[in-house]
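Every read-out reported here was derived from the displayed coordinates using simple, explicitly stated rules and does not represent laboratory data. Because the structure is a prediction, the values reported are computed rather than measured. Heads up, the Cβs are rebuilt from the backbone with ideal geometry, glycines too, and the neighbour counts pull from every protein chain shown.
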Amino acid sequence: MTKSLSITLLSLLVASSACDGDDKPTLSSGDPGPSPLRRLTRVEYNNAIFQLFGDTTRPADAFVPEETALGYDNQAAALVVSPLLAEQFLDAAEKIAGRHGPAVLEGLGECKDAASITGECGAAAKEWVRSFGRDVFRRPLSDEEVDEWFMVFSDGTAMDDGFSALGGVTLAISGMLQSPHFLYRVEFGRGSPDADGIDELSPYEMASRLSFLFWNSPPDRILMDAADADQLRTPEQLAAQARRLLRAPRAREVVRNFHRQWLGLQKITTVLAGIGKDVDLYPDYQPSLLPLWQKEAEVFFESAIFDADASLDTLFTAPFTMVNKQLAEFYGLPAPSADADEFVKVELDPKRYSGFLTQAGLLALYAKPNRSSPVHRGKFVRERLLCQVPPPPPDVVPEPPEVDITKTTREQLEQHKVDPQCSGCHQLLDPVGLGFEHFDALGRWRDRENGLEIDASGEVLGVADIVGPFEGASELGALLADSQQVRDCVTTQWFRFAHGRAETDADDESLAQVREAFASSGYRIQELLTALTQTAAFRYRRAPGVWKGEEQ
Amino acid sequence: MNRIRHTRRDLLRYLGASALALPLLSRGRPTFANPEAPPKRIIFFYTPNGTVPVNFWPKGGELDFELSQILTPLAEHRDDLLVLGNVDMESAFNGPGDAHQKGTGQSLTATELLEGTFAGDAGESAGWAGGVSIDQKIAQAIGQETPFPSVELGMLVGKSDVGGRISYRGPGDPIPPENDPAAAYARLFGDPQASLGDLERQRRTRQRLLDQVSLDYRRLADRMEDQDREKLEIHVSSLASIQDRLQGAGVQFGGECKVLDLGAPLDPSRVEQLPAIGKLQMDLLAMAMACDLTRVGTLMWTHSAADYVYSFMGEELREGHHSLAHKGDEDTKMVEHNTRINTWYAEQLAYLISSLKAIPEGGGTLFDSCVLVWVNEQAKGNNHDRRQMPYVLAGSAGGYFNTGRYVVQPKTATHNQLFVSLQNAMGIDDDQFGNPVYNSGELPGLRA
């Protein structure tokens, strides 16, 4: 039914544009893929409230956590609004309006001491609605919208006995903060689609795409000014803004946020905190290590990507990490800094260590309370680093054997090779994970296990450009760093995070373009991020009712 | 490279096309035989990771059964129980998802999950549940009688995907539980500090606000297509549920409807607080029923495959619940620990029953009108069996069920049938629930 409607509309539009002549710029754009309506995440909501009011209370922390899909909390398809969340939006909006209404009113001198909405106060209130509304909705309001929100303001002044300007301000604020134009990133495009039904984004929509991608925040003044001047249109303009945004501290938090979700780092302080480690076997384990492990990884990525403009290779193979005093003690390293809390770069033995792959937090997360877990480590590499989906296990899994302390973990996994029910999948997982066998359940280097010699040899099967056996995590790190499949996977992961959706066949061209730019930069992450803004997927959208391509 | 393919149809299904039809959906209105009788209430009680079957199933026959180790805390309420043998979660062997996703996502829906991108174990993936859950079907039929059609409370529900939701208004339309007793209190009973005047003012401003905001959503939805439009319409229906409530009178304290004391604030994310959180949430739900704020409740204890360490039960419990559930039957120590956890959950159910029995109503107690339904996501943790589910009912739903029995189905039955029995008990005249491929008609032999 939708389809027949869109065909009708399309033929109308094609006909009318033919009459207009053809001075319209040809987009020659390629298919942007779907652009689903995105709801603000809790992080984005908090950042928006900070930007609007300087409010640092993080009101969205009380909201229902985002539904996660593909490992990310910002996936449009998964985020729905239940009655509970709608009430939390209501509650937060009222509280925020209550907190900041008085200060807003201070700036609205004509209304502060007014006795009615008529006259000066009315005109001033209308102007306030226009400018505040623009900040909240991240675009200028239409005159009709201004009138409507002014009516809300006006009704708000009359909620109590007599006139209350504060009532107007608070009602308008709490209403706007629940509007779809605030809570969602609404896009309609410029309204001048090409013959294929592909439209450019409006300048304000582009400002939001840029700022939410690089800052998880609404656009700043500079972006809004650029949107006013229609200077967010050419690839060069977008790249220049991307580089500017990447230079700001707020971009660092976004990069941390991405890695937290891509690699599951946040699970170190959530999931792992609930499981812990067997303190009889690992007396050094303390829950206070967990936030440090997570921070080590985050600071490592942040520092490498921003301070060293690192390439993918560095992330996978760096012979250094970032530790504070307690972590240095845990790793058996000399105290790195006079300030016990400061995270400082420390050099590591490159024969043992390999970038983030050998940091304790991830290796402890993908381990059992009482032993390493080559299966989970291998699965992590397959799913998150190679973007592969291992085939499912049988529905009814045979009971696993108990830990046998007279054998190495490797020996205990032999059953996976023998049992034909297991071997199919486990030959993909175990030999990869076994490369990490020098790292115990705490993710710390060990020379021996249960007094036995460790064999950390492994093998990567089923990856086109990684062939054959390797020895230990550092060789695995080098293989992964050099793999096109890993590079493509990292591109894909960033694409999912950036666009809030899974890639589709329609995105082949956009993805290829990012990969190419990534390659020609020598696989520098900052260039990958900039390249994300250059694609059809980022710059265009399918015009509702006009798009005539394949249904996606 | 593996690629996740989405067709538009998938996305539609993912999001749940039929959620839109919600307000019209109340198929089969409730019929109250006796207008004088107290209203019926139903509470679902979800626990994860399966039970320990050898320590769960009673010994003996239908009437002379002897409660097992796990069920012993319920001894005081033996005459109010229906222990249900030979009922399978048959649907949960079908459709997308791993064993836990299917077990939890279908625990109250009895139909296949949608396709989707929630990563399951070893490469399985799934979307949200593919149909309305039994609590919500009942809420859609009887919920308009109360300020809250249903109340969903959680205890450390730490997953925000199909493993962390049991209630669905329709396919792809999950309802998250409230994990924080203080927030649940504020939502149900309002701000205890607020004066009547404050509340009245709040009601007026909220009505004005929501009129404007709903209009905004409806207008925007009209300009959108497909899944974007549906998403906004789900939002509108969520706003509508708040608006409906504002029309009503709100909570009227008095009689058995009393102000609860929440005590000192607690951190709802700490597993060592689980006993305290659970007690508060059960108290809140019981009081919400005493105040007739709702007649349908769910209590979700943790989430699918939750691996919290229950060391509050004893320092020797060092393995997470899910890990314990995976231990082999020969590991007697771990089986004992897992048995203790399941026994502890039976204690919680017993506490809830006692709480409801402590609230007088009519000539008896509030519990007389209730049926409580203990569901799990698995039957047994270490093999992910979802047959012979450890279902327990407590309460007769106003004399509808003949309790005090251990009823083993002579012919293997399914949880679709259990839910048909429950919806019939709650006044919905419909002999199907979930996907009827997995049986229809009620569970024989439960009625009084």
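The figures follow:
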{"read-out": "Spin-label pair residue A:131/residue B:448, simplified geometry with 7 Å Cα→Cβ offset, distance in nm", "value": "7.0"}
{"read-out": "Residue-wise HN-Hα coupling along the stretch A:306-313, computed from phi with Karplus coefficients 6.51, -1.76, 1.60 (Hz; x: Gly, Pro)", "value": "9, 7, 10, 6, 5, 8, 4, 4"}
{"read-out": "Extension gain from residue A:415 to residue A:278, taking 0.36 nm per residue of separation minus the Cα-Cα distance", "value": "46.9 nm"}
{"read-out": "Amide H contacts of residue B:51 (H built 1.01 Å from N, under 5 Å, at least 5 apart or other chain)", "value": "B:380, B:381"}
{"read-out": "Efficiency of FRET between residue B:94 and residue A:516 - r from beta-carbon atoms, R0 60 angstrom, step 0.05", "value": "0.90"}
{"read-out": "Separation of alpha-carbon centers, the stretch A:177-212 and the stretch A:121-150, rounded to whole Å", "value": "19"}
{"read-out": "Rounded to 5, percent antiparallel among DSSP beta bridges of the protein assembly as shown", "value": "60"}
{"read-out": "Under Karplus coefficients 6.51, -1.76 and 1.60, residue-wise ³J(HN,Hα) of the stretch A:60-66 in Hz, glycine/proline x", "value": "6, 4, 7, 6, 4, x, 4"}
{"read-out": "Under 27 Å from the Cα of residue B:333 - lysines, other chains or at least 8 residues apart", "value": "A:277, A:368, A:407, B:59, B:380"}
{"read-out": "Averaged over A:166-177, number of beta-carbon atoms from partner chains that fall within 10 Å", "value": "2"}
{"read-out": "J(HN,Hα) series, the stretch B:407-418, from Karplus relation 6.51 cos²θ - 1.76 cosθ + 1.60, nearest Hz, glycine and proline x", "value": "9, 9, 5, x, 10, 3, 10, 10, 6, 4, 5, 4"}
{"read-out": "Separation in nanometres of the label points that stand 7 Å from Cα toward Cβ, at residue A:333 and residue B:347", "value": "4.5"}
{"read-out": "Centroid-to-centroid separation of the stretch B:217-248 and the stretch B:288-308 [C-alpha atoms, Å]", "value": "25"}
{"read-out": "Amide H contacts of residue B:371 (H built 1.01 Å from N, under 5 Å, at least 5 apart or other chain)", "value": "B:41, B:42, B:43, B:397"}
{"read-out": "Residues with amide H under 5 Å from that of residue B:86, placed H, sequence gap 5 or more", "value": "B:409"}
{"read-out": "Pairwise Cα inverse-distance average, inverted: Kirkwood Rh of the stretch A:41-185 (Å)", "value": "15.9"}
{"read-out": "Eligible lysines near residue A:112 by straight Cα distance, threshold 19 Å, same-chain separation 8 or greater", "value": "A:126"}
{"read-out": "Entries in B:40/B:357; B:258/B:279; B:40/B:411; A:267/B:279 that, when Cα-Cα distance is taken, lie over 20 Å", "value": "B:40/B:411; A:267/B:279"}
{"read-out": "Cα centre as origin, Lys/Arg/Asp/Glu Cβ charges: chain B dipole, Debye", "value": "980"}
{"read-out": "For peptides A:445-458, B:322-335, B:45-58, sequence by mean Cβ density within 10 Å, most packed first", "value": "B:45-58, B:322-335, A:445-458"}
{"read-out": "Per-pair calculated FRET efficiency, R0 = 22 Å: residue A:159 and residue A:99 via Cβ, rounded to 0.05", "value": "0.75"}
{"read-out": "Rough spin-label spacing in nm, given labels placed 7 Å along Cα→Cβ, for residue A:55 and residue B:66", "value": "6.3"}
{"read-out": "Extended-chain gain in nm, criterion 0.36 nm per residue less alpha-carbon gap, residue B:247 and residue B:262", "value": "2.6 nm"}
{"read-out": "Contour minus Cα-Cα distance for residue A:236 and residue A:464 (0.36 nm per residue)", "value": "78.5 nm"}
